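Q: What follows is a single structure, and I will ask about it in a moment.
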Amino acid sequence: MDIKQLITFKTAANNLNFTKTAEILNFAQSSVTSQIKTLENELGVTLFERLGKRLILTEYGKQYKSYADKIVKLSQEAEWSINDYKETKGTLIIGAQESQCTYRLPPILKEFKERYPQVKLVFKPAHSDKVARQGLEQGQLDIALITDISKPADVLEVESLIQEQIKLVAFPEHPLVHKKKIKPNDLENETLLLTESGCSYRTILEEALYSSGTYPKNKLEFVSIEAIKQCVIAGLGIAALPAMVVDKEIKLGTMRELVLGNDTNHIYTHLAWHKDKEMTPPFQAFIELTREKFHSYKAS
């Protein structure tokens, strides 16, 4: 038996007329008769009998109707509950780099939680295009903010949000800050403070140096951008970080920007999700809100 048969039986039991039942359910009368017959065969009992022109419930039919009413009601409540859950509840797993989580996402999250207070937000680190892409493809992430040179495609929907500026920074008393422009070989003997391998900021700096035949000998690797900032301020080395991360410190004078003489590739922040992902209302709302906020960042 299935819920369709139960609804047909319940409707027929309420009005005791197969023709009227067919009209109510928008079925052919033969379909109503067939469904009732199939249900009776499965149960091994007769649910209806005809007395002259009258259709009546048998004792089996009366007993079964009470259960059919409950099952149909529970099925409807379950459907309503799922629809309500899709509309206002659920979980969104978001992958993003630390810089996005710290400097770009807070106002987005604040407004989103005001709209959908019952939606749970979970963040997972995605320091590179590769990590975010794998997370989306394997269903470990729902949405990812990817900051990288490339624009992943294939099974992903990818939308470019904003072009990011990467700045090379040092502490104010560093000897290189007095140069109008520095060359890649100026960094050969400097200590570079780097994010994890695969991170877009690190990749851009290393490719710019390697293409000029410069291979710095001193490197320190960190998992935290904030730790790198504090080390730059303390004079421990030079770092390449997004402008959104260091602009405040540059204005305050606790860091100075170094201008590298060669051109580097542009880097972008992309919003990405799997093409087969179900677009629930909270999911769509997060995407639209992120678009709006990044548009305002672009305009400012």
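Q: Which of the following residues is surrounded by 15 or more Cβ atoms within 10 Å (Cβ to Cβ), among the acidic types (Asp, Glu) and at pLDDT 85 or above: 129, 142?
A: Unique residue meeting the criteria: 142.
Q: If you go through the stretch 220-258, how many residues are basic (Lys, Arg) and surrounded by 14 or more Cβ atoms within 10 Å (Cβ to Cβ)?
A: Within the stretch 220-258, residues that are basic (Lys, Arg) and surrounded by 14 or more Cβ atoms within 10 Å (Cβ to Cβ) number 2.
Q: Kindly indicate whether any position in the stretch 5-18 is buried (at least 19 other Cβ atoms within 10 Å of the Cβ) and without any contact (Cβ under 8 Å) to a residue 12 or more places away in the chain.
A: No, every residue in the stretch 5-18 fails to be buried (at least 19 other Cβ atoms within 10 Å of the Cβ) and without any contact (Cβ under 8 Å) to a residue 12 or more places away in the chain.
Q: From the list 193, 176, exactly one residue is in contact (Cβ under 8 Å) with a residue 40 or more places away in the chain and surrounded by 19 or more Cβ atoms within 10 Å (Cβ to Cβ). Which is it?
A: 193
Q: Considering only the stretch 182-198, I want to know if a residue exists there that is within 14 Å of residue 258 (Cβ to Cβ) and in contact with a His (Cβ under 9 Å, 6 or more places away or on another chain).
A: Yes.
Q: Within the group 91, 21, 11, 38, which residue is of a type in the set (Ser, Thr, Tyr), within 30 Å of residue 108 (Cβ to Cβ) and under 46 Å from the mean Cα position of the chain (by Cα)?
A: None of the others qualify; the one that does is 91.
The values are calculated or read from the model by the stated rules, or taken from the named source; none is laboratory data. Computed from a prediction, not measured in an experiment: that's the story for all the values here. Positions of Cβ are generated from backbone atoms using ideal geometry, with glycine treated the same way; all protein chains shown enter the neighbour counts.
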